Amino acid sequence: MSRNPVAAAAGKFPEDVVRFDDVSMRYGRGPDVLTNLNFGLAPGSFHFVTGPSGAGKSSLLKLIYLAAQPSKGLVHLFGQDVAHAPASAKPQLRRRIGVVFQDLVLLDHLSTFDNAALPLRIAGRKPADYRNDVAELLTWVGLGQRMHAMPATLAGGERQRLAIARAVVNRPDILLADEPTGNVDHDMAVRIFRLFVELNRLGTTVLIATHDQDLIARSGRPVLLLENGRISPKPAQGPLA
């Protein structure tokens, strides 16, 4: 797995923020959906994960954000073996990870603004300190005129953009996105990708699960290919014109 080029040039190889060691996962007594995965994500890296439906992309993300446990092997986050981490440490680990869920998981009793600001509230920040930042971010994703709307009144694409805003608002150390451009048009997909790129430039490690081969090809970013529960890295290609 490629390392951070700046660190490599300095002769330093930072510990992966995500590391899978011989990880397999199954649901109940069913067959493995992920089999013997060995890979790492270096700090500040940007990858796509792709593969056919049912290949295990969402399951892979669940293991990283601690919504599921492996049936075999070890998952490390920020250098910590998750299986042996105390229960009190896991909420802190999750707070360092922003997630765009495929089913969005918005809170229907909170406004658009309050949904987007939720990670900052949980972190203990005061509304006066983040009000302008949240408003600017919502404007960036095209929801500047919908900040006081409730999720039930938003269209599918608007809900998708709100979920993305909530995931990135606190500049997480890791951003996981499960089909983040599935319900938006091409122009908004490009705009969202630019947001992810800017977050990555600020140091966030980004992993996007998607079927959007055009977005992957144009990005020029490396790809992790999931097939039959196994993963194989593909080298980055130059972005298309």
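Please compute the contact order of the chain in relative form: average sequence separation of alpha-carbon pairs under 8 Å and at least six residues apart, divided by the residue count, as a percent. So the answer I get is 25 percent. Classified by the C-alpha gyration tensor, the stretch 12-56 has an oblate form. Its axis ratio a/c, with a ≥ b ≥ c, is 1.5 or above, and a/b does not exceed b/c. If you take the Cα centroid of the stretch 136-170 and the Cα centroid of the stretch 31-67, the two points sit 27 Å apart. Rounded to the nearest 20 debye, the dipole size of the chain about its Cα centre is 420 debye, using +1 on the Cβ of Lys and Arg and -1 on the Cβ of Asp and Glu. Neighbours of Asp32 by Cβ distance under 10 Å: Lys/Arg scored +1, Asp/Glu scored -1, total +3.
Which of the three applies to the stretch 82-124, rounded, prolate or oblate, going by the alpha-carbon gyration tensor with a ≥ b ≥ c and a/c under 1.5 meaning rounded? It comes out prolate by the Cα gyration axes.
Go through the stretch 15-91 and name the chymotrypsin sites (Phe, Trp or Tyr not before Pro) that are in a DSSP coil and have 12 or fewer other Cβ atoms within 10 Å of their Cβ. Passing both the DSSP loop test and the Cβ count: Tyr27. Charge tally around Val17: other residues with Cβ under 10 Å, Lys/Arg +1 each, Asp/Glu -1 each, net -1. Within a straight-line Cα-Cα reach of under 13 Å, Lys126 can be paired with the following aspartates and glutamates, leaving aside sequence neighbours fewer than 8 residues apart in one chain: Asp114. With the Kirkwood sum run over all distinct C-alpha pairs, the stretch 40-84 has a hydrodynamic radius of 11.9 Å.
Compute the Cα gyration tensor for the stretch 59-178, then decide on rounded, prolate or oblate, letting a ≥ b ≥ c be the square roots of its eigenvalues: rounded whenever a/c is under 1.5, prolate when a/b is larger than b/c in the other cases, and oblate in all that remain. Prolate is the answer for the stretch 59-178, as a/c is 1.5 or above and a/b outweighs b/c. Taking every DSSP helix (H) stretch of at least 4 residues in the chain, weighting each as -39,500 (n - 2.57) and dividing the sum by the residue count yields a mean residue ellipticity at 222 nm of -9500 deg cm²/dmol. Beta-bridge orientation, the stretch 110-241: approximately 50 percent antiparallel, per DSSP, counting only bridges with both partners inside. Relative contact order for the stretch 20-137: 20 percent, from Cα pairs under 8 Å spaced at least 6 residues apart, divided by residue count. Summing Lys and Arg as +1 and Asp and Glu as -1 over all other residues whose Cβ lies under 12 Å from the Cβ of Leu202 gives a net charge of 0.
Bear in mind that the values in this text are calculations on the coordinates, not laboratory data. Computed from a predicted model, the values in this text were never measured in an experiment. Here the Cβ is made from the backbone with ideal geometry for all residues, glycine too, and neighbour counts use every protein chain on show.
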